[in-house]
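Inspection log for the structure reproduced underneath, given as structure tokens.
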Amino acid sequence: MNRVIWLCLALGISANTASAEDIKNPVAVFAGLDKIMGITKNFEEKVGQDVKFSNLVIKAEVCNTTPITEDPKTAAFVEIDEIRKDDTKKRIFSGWMFAESPGLNGLEHPVLDVWLVGCRDPNAPPPPVETEVDPLQTQDKPAADTPAPD
């Protein structure tokens, strides 16, 4: 019986240490749709600060991404207030938004939609860029001192 308990504890500890922590990003990237004008706008905000989109005030409390070694997941905890005609604010959204599933938990308003596009860190190094190799450029070329075939 003790062996089973020790085995379960060992497996539980190793499973917890294998997962990496989320990366906390200082900038949240959103997209907004004005359904009346038919205009989509991308905008960014620093985490913890307000950004205005039409008559909405959007604030991301956190914006996390998973490490590059794991499946991509980007989530932000967002609060959205609507500014009414009498300048009062009404909270119309408070919850998590997921960039990989924008239709799952974005704001669906009668006039405006808002969803999370991603998170970013402007101070992070840029991701590596893969370059494609042109097969025509990599064909063997005769050396300068080798005579050309007849």
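Among the residues of region 80-107, those that are of a type in the set (Asp, Glu) and exposed (fewer than 13 other Cβ atoms within 10 Å of the Cβ) comprise ASP86, ASP87, GLU100.
For region 103-117, the tally of residues that are at pLDDT below 95 and within 17 Å of THR66 (Cβ to Cβ) stands at 1. If we keep just the residues of region 108-120 that are out of contact with any helix residue (DSSP H, G or I) (no Cβ under 6 Å at 6 or more places or on another chain), of a type outside the set (A, V, I, L, M) and closer than 13 Å to ALA28 by Cβ, which is surrounded by the most Cβ atoms within 10 Å (Cβ to Cβ)? Restricting to residues being out of contact with any helix residue (DSSP H, G or I) (no Cβ under 6 Å at 6 or more places or on another chain), of a type outside the set (A, V, I, L, M) and closer than 13 Å to ALA28 by Cβ, the top hit is CYS119. When the criteria are applied in full, LYS73 fails the requirement of being at pLDDT 95 or above, of a type in the set (D, E, K, R) and either on the phi > 0 side of the Ramachandran plot or surrounded by 11 or more Cβ atoms within 10 Å (Cβ to Cβ) (or both). Of all positions in region 32-44, at least one carries a residue that is surrounded by fewer than 15 Cβ atoms within 10 Å (Cβ to Cβ), in contact with a strand residue (DSSP E or B) (Cβ under 6 Å, 6 or more places away or on another chain), among the basic types (Lys, Arg) and free of Cβ contacts under 8 Å to residues at least 60 places away in the same chain.
The values are calculated or read from the model by the stated rules, or taken from the named source; none is laboratory data. All values derive from a computational prediction rather than experimental measurement. Here the Cβ is made from the backbone with ideal geometry for all residues, glycine too, and neighbour counts use every protein chain on show.
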